[in-house]
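Each value in this text was obtained by applying a stated rule to the coordinates, not by laboratory testing. Not measured: the values here are computed from a predicted model. Here the Cβ positions follow ideal geometry from the backbone for every residue, glycine too, while neighbour counts run over all protein chains shown.
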Amino acid sequence: MTFRVVFWCACLAFASLAAHARAYDPPTPAQVTAAQKQFAADLARDTDLSEADILATLAKARYQQSIIDAISRPAESKSWREYRPIFLTDARIDGGVAFYRANRSLFDRVEKEFGVPAPILVAIIGVETNYGRTPTRYRVLDALTTLGFYYPPRADFFRGELRQLFLLHGTTFPYPIESLMGSYAGAMGWGQFMPSSIAKFARDEDGDGKIDLWNSLPDIVASIANYFVGNGWQTGGPVAVRAKVSANARAVTPENLKPVYTVQQLAEWGYTPAGKTDAGKDTPATLIKLEGEDGPEVWITFQNFYAISRYNRSPLYSLAVYQLSQEIAAQVGGKPAAK
């Protein structure tokens, strides 16, 4: 039997959103108004915010067609062959090396505190905002309002993030909602945290009494590390390794990126590590198949790969972060994430 790996990730909706971008009817102005009133009423009922104040803030939001356009054609809908060159460039690798060297004491301290390899933390910032150099184009209020009330395919998710945005304000996050800047999806700071991630994982690492994901590198780096820990990062655990596939390998159809098999089980089915790995035979793992520059690539991935994917559900994203971290570690001389 010729090998066949079918990978489908239930969490990865991006490609299907692009394909079905025109498959929904845009809401009418009356529907938007009604939905916003209901949103304000629900939020006011559950909090100490007033319905009038919530509606007044929503009235400051501006619909942005460019946001709808952007979410309808995400980079993650590309093949691995097309996606990898976006992030694995000499400029991004060199930038990561320089960024790590300039802030090595901080990265190494956070690595020791949280158990997440410094090169992984550097790579996340490199992929998300090119080490803080990518400009933020959108007000977060505009982004979340546009997607929450004008984009039915993911309206529930983005209304949930908008709700959390209203709840963030306080002594540790003292920023007016209408002043916050972020991505077209409403992600904020160098690490691109959504409001729910800020609420759960953001850290005041510099001890100044507030969380600053734009200007405080200690807060930024520690928050990213804490995000990984909160999503199951295993200190010293493997991330991913290229698979050698036997000619008669069994067809495997993972539902998502969760490591639900073991290395031994995959080996019995015809998938063995093609390179060095710290994974034992009982280590939980799964498979992904990607279309690389030289043809199909099959990878064995582990819990730490899954932890990276909580940042972005695409396996392309996780592999780009991992490979960028490996390149940076190799040049800086730091310990790379385990294979």
Alpha-carbon centroid distance for the pair the range 61-100 / the range 289-337, whole angstrom: 15 Å
Cα-centred dipole magnitude for the chain, charges only on beta-carbon of K, R (+1) and D, E (-1), debye, nearest 20: 720 debye
Top of Ala102, Ala199, Ala61 by mean-square fluctuation, Gaussian network on the chain, Cα under 10 Å: Ala102
Most positive-pole-ward Cα, Ala52, Pro195, Pro176, against dipole of the chain from beta carbon charges: Pro195
D (Stokes-Einstein, µm²/s), Kirkwood Cα radius, the range 18-159, 1.002 mPa s at 20 °C: 116 µm²/s
Gaussian network model of the chain, springs between alpha carbon atoms under 10 Å - residue of Thr33, Thr136, Thr146 with greatest fluctuation: Thr33
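Grab the eigenvalues of the alpha-carbon gyration tensor for the range 137-214, scale each by 5, take roots, and send me the semi-axes largest first in whole angstrom.
On the way: eigenvalues 100, 26, 22 Å².
So the three semi-axes of the range 137-214 are 22, 11, 11 Å.
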Estimated Rh, the chain: Kirkwood, alpha-carbon pairs, angstrom: 21.3 Å
Diffusion constant of the range 252-333 at 25 °C, which comes from Stokes-Einstein with the Kirkwood Cα-pair radius and 0.890 mPa s, µm²/s: 182 µm²/s
Principal axis dimensions, the range 180-319 - Cα atoms, whole angstrom, descending: 58, 30, 23
For Phe193, residues with placed amide H under 5 Å, excluding near neighbours: Met188
For Glu291, residues with placed amide H under 5 Å, excluding near neighbours: Trp80, Arg81, Glu297
Contact order normalised by residue count of the chain, Cα under 8 Å, 6+ apart, percent: 23 percent
Theoretical ellipticity at 222 nm over the chain - DSSP helices of four or more residues, -39500 (n - 2.57) apiece, nearest 500: -14500 deg cm²/dmol
For Lys244, residues with placed amide H under 5 Å, excluding near neighbours: Thr272, Ala274
Residue range of the chain that is longest and free of GluC sites (Glu not before Pro) which are both DSSP loop and sparsely packed (at most 12 other C-beta within 10 Å): 1-254
Cβ charges +1 (Lys, Arg) and -1 (Asp, Glu), total dipole of the range 16-162, debye: 500 debye
